[in-house]
Amino acid sequence: MRTPTGDLSDGPAADLGRDQPVFGPELGEFEHSDRRAAKAEGEGEMKTGTTTVGIKADDGVVMATDMRASLGGMVSSKDVQKVEEIHPRGALTIAGSVSAAQNLISTLRAETSLYEARRGKDMSMEALSTLTGNLLRSGAFFVVQPILGGVDDEGAHIYSIDALGGTTEEEYTVTGSGSQYALGVLEQEYDDDVTIDEAETIAAKAIQSAVERDLASGNGINVAVVTDDGVDITRYKDFDDLL
């Protein structure tokens, strides 16, 4: 058998594997994702700097957000709805790019409606959290960091979902630029037996704490209460109405 004399490392075979991801491209991967990511970091993208909170209670979940959106160093809106119903017994908060978040909410609403129409039952919260993570992992909704909360046959659930689709179930969680201020309040106030009414008060205190210190959070509070009966979203301009 003749021994090869050439250097195969520079041949066509080497080029096939050079600079190629071992497991890529993945399903749902989009071209020019790095370019879109860089663009999303620019000053022209409207963002919800934001503080959002999710709390699991004994008979449901409470989710709260501030109402401010920013455009670079400017407050672009003082009346933003940052928590939306996406499921008959589920809601999603948004932090990050407004356009991507709105698109994500529309997609999730469509998917949950299709699931119900095809199977004759509501999607479970675990399945909905997996779907949300998969959509974010695709890169089509850059950059959004939501909180998913809802109630299904197994009880109440709060999921923290990062911008790359990582999903963890929590007792309480926060996202956004005011997270550190809100989290301190939750650490002090939360307990395992908290009721819906108590969770509303805790959430309001957490958002208020963030609004006092975070420049990108402010202008009121949206509160979503999710129970077996459905999703109820209320808007308050004055924290005193909740405290």
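The values are calculated or read from the model by the stated rules, or taken from the named source; none is laboratory data. Here the structure is a predicted model, which means the values were calculated and not measured. Here the Cβ is made from the backbone with ideal geometry for all residues, glycine too, and neighbour counts use every protein chain on show. For the accessible areas, the whole protein counts, side chains as well, though only heavy atoms, and no ligand, DNA or RNA atoms are used. Shrake-Rupley method; radii C 1.70, N 1.55, O 1.52, S 1.80 Å.
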Filter result (open to solvent by 40 Å² or more (accessible area, probe 1.4 Å) and in a helix (DSSP H, G or I)) within region 132-160: N134, R137
Selection from region 151-186 of residues that are on the phi > 0 side of the Ramachandran plot and touching a residue at least 24 places away in the same chain (Cβ under 8 Å): G165, G176
Region 66-85: number of residues that are more than 12 Å from the chain's Cα centre (by Cα) and open to solvent by less than 10 Å² (accessible area, probe 1.4 Å): 3
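Residue by residue, here is whether (1) modelled with pLDDT under 95; (2) closer than 21 Å to A210 by Cβ; (3) of a type in the set (K, R) holds:
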{"site": "P146", "(1), (2), (3)": "no, yes, no"}
{"site": "G149", "(1), (2), (3)": "no, yes, no"}
{"site": "D152", "(1), (2), (3)": "no, no, no"}
{"site": "E169", "(1), (2), (3)": "no, no, no"}
{"site": "Y172", "(1), (2), (3)": "no, yes, no"}
{"site": "A182", "(1), (2), (3)": "no, yes, no"}
{"site": "V185", "(1), (2), (3)": "no, yes, no"}
{"site": "E189", "(1), (2), (3)": "no, yes, no"}
{"site": "D192", "(1), (2), (3)": "yes, no, no"}
Return a yes/no flag: does region 96-105 have any residue that is at pLDDT 95 or above, surrounded by 15 or more Cβ atoms within 10 Å (Cβ to Cβ) and either in a loop (DSSP other than H, G, I, E, B) or of a type in the set (S, T, Y) (or both). no
How many of the residues making up region 171-196 are out of contact with any helix residue (DSSP H, G or I) (no Cβ under 7 Å at 6 or more places or on another chain), in a loop (DSSP other than H, G, I, E, B) and within 30 Å of G72 (Cα to Cα)? 1
Among A199, A206, which is the only one that is open to solvent by less than 40 Å² (accessible area, probe 1.4 Å), touching a helix residue (DSSP H, G or I) at 6+ places or on another chain (Cβ under 9 Å), within 17 Å of T65 (Cα to Cα) and touching a residue at least 60 places away in the same chain (Cβ under 8 Å)? A206
